[in-house]
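Undergrad: This is the structure I have questions about; it appears just below.
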Amino acid sequence: MADLELADRRLLNALQGSIDLVERPFAQIADELGVSEDDVLARARALRESGVLRHLSPIFDVFRLGYRSALVAVSVPPGRLDAAAAVISACPAVSHNYAREHRFNLWFVMAAPRERDFEAEVARLAEAAGATRHIVLPAKKLFKIAVEYDMVERTTDAKPRAARPKGPRRPLTAGEKAIIRVCQEDLPLVSRPWAEEARLLGMEEAVLIEKLRALRDEGILRRFAAVLRHHEAGFSANGMACWRVPEDRIEEVGQRLAADSRVSHCYWRPTFEDWPYPLFSMIHCESHEQVRAIVEELSRAVGVADYEILWSAKEFKKERVRYFMDGDAPAPAAQGATRPG
């Protein structure tokens with residue numbers, strides 16, 4: 001963990017909140033912290049350089065953009081884990097790819113335009129990686145996604161956010177897609193970050209900010225916020241607690257898990273004969289012992305004793321999904337690859 005000053009920790013807390021769509025958002029943050037804009041920008045640049053600040057960028061509603069996304073669990077022979085992970089990570093449609101301590105030892109997130117055959121592309125990618133088994137786990141219901149690391153108190157603070165009203169899903173215009181292509185990259189750490197992006201788009205800064213606000217108000221753009229590298233931030237234990245819950249209790253238990261501020265993500269996903277756990281909850285702490293203690297407490301609270309904790313063993317890839325890019329190419333098929341015996 002980086003040896004961070006209190007001022008750095010307070011800034012990281014502020015950046016993980018929603019950054020306002022104004023001409024000088026960092027000046028606004030500086031006012032809230034009682035420091036200068038120059039100090040905020042200098043510290044943010046240093047935090048980005050050190051690796052603690054992974055990126056500062058928009059978070060979009062995948063569904064509203066016309067994409068489909070799912071978590072995929074893959075089983076590969078342990079001796080081929082790194083090679084399989086390299087094949088999966090090379091796919092532009094894959095944003096996250098982790099090794100986890102389980103018979104399903106690779107877990108990745110993939111997103112693709114909805115008009116494509118998602119399951120067929122996942123199957124091709126799994127075959128190319130030499131997988132012996134894979135399951136596709138799209139979210140049937142999202143109970144919560146709100147991870148924030150309290151860098152001052154050294155805890156996770158994942159309180160549910162108030163949802164903005166959403167308009168009906170609609171096709172995006174060419175102009176909106178162009179805005180997303182440019183603005184989805186890391187926000188420049190300068191006084192007026194949207195001015196350069198507006199120049200690239202050939203529009204006035206105020207016009208771009210207004211268009212981003214419209215996307216936000218419609219629910220297409222959720223927010224601009226920082227994402228930290230949890231290991232560098234000091235939260236090295238990443239436990240995915242998966243719960244075996246009867247169908248008639250999934251809604252109730254999911255809501256109760258999501259209400260706990262120590263749970264950052266909570267999803268309802270499909271089950272399979274060899275994967276009987278419909279509820280997923282993510283917990284980040286400084287140690288495995290802390291994660292286990294929280295899961296045991298949650299188990300008692302919700303009355304569910306059948307669960308597994310899948311530990312993150314290695315991060316192979318964690319990037320933002322980039323939308324409306326030339327990289328929206330289908331997942332590769334296996335070329336001369338053979339399944340391991």
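Every number here is computed from the coordinates shown, using simple stated rules; none is lab data. Predicted model only: the values in this text are computed from it and were never measured. Glycine gets a Cβ as well: all are built from the backbone with ideal geometry, and neighbour counts include every protein chain shown.
Undergrad: Residue 139: net charge of surrounding residues, Cβ under 13 Å, Lys/Arg +1, Asp/Glu -1, itself excluded?
TA: That works out to +4.
Undergrad: Rank 44, 97, 27 by how far each Cα sits towards the positive end of the charge dipole of segment 1-147 (+1 on Lys, Arg Cβ; -1 on Asp, Glu Cβ) and give me just the farthest.
TA: Going by the charge dipole, the pick is 97.
Undergrad: Between residue 199 and residue 6, what is 0.36 nm times their sequence separation minus the Cα-Cα distance? Round to one decimal in nm.
TA: This chain segment gains 65.9 nm when fully extended.
Undergrad: What size of dipole, in debye to the nearest 20, comes out for segment 12-153 about its Cα centre when the only charges are +1 on Lys and Arg C-beta atoms and -1 on Asp and Glu C-beta atoms?
TA: It comes to approximately 880 debye.
Undergrad: Given a Förster distance of 35 Å, report the FRET efficiency between residue 119 and residue 292 from their Cβ-Cβ distance, rounded to the nearest 0.05.
TA: 0.50
Undergrad: Top mean-square fluctuation among 39, 82, 248, Gaussian network model of the chain, C-alpha springs under 10 Å?
TA: Residue with maximal mean-square fluctuation among 39, 82, 248: 248.
Undergrad: Quick check: pseudo-label points 7 Å beyond the Cα along Cα→Cβ at residue 133 and residue 313, how many nm apart are they?
TA: Label-label distance for residue 133 and residue 313, simple model: 1.5 nm.
Undergrad: Placing +1 on the Cβ of each Lys and Arg and -1 on the Cβ of each Asp and Glu in segment 212-260, which of 235, 258, 225 has its Cα farthest towards the positive end of the resulting dipole?
TA: 225
Undergrad: Quote the charge dipole size of the chain about the Cα centre in Debye, to the nearest 20; the model charges only the Cβ of Lys and Arg (+1) and of Asp and Glu (-1).
TA: Computed charge dipole of the chain: roughly 880 debye.
Undergrad: Taking 8 Å as the Cα distance limit and 6 or more residues as the minimum spacing, I'd like the relative contact order of the chain as a percentage.
TA: 27
Undergrad: Let me ask you something else. Give the long-range amide H neighbours of residue 100: residues separated by 5 or more places, or on another chain, with amide H under 5 Å away, using H modelled in the peptide plane at 1.01 Å from N.
TA: 106, 107, 313
Undergrad: Kirkwood Rh, segment 46-148, all Cα pairs: how many Å?
TA: Taking every pair of different Cα atoms in segment 46-148, averaging 1/r and inverting gives 15.1 Å.
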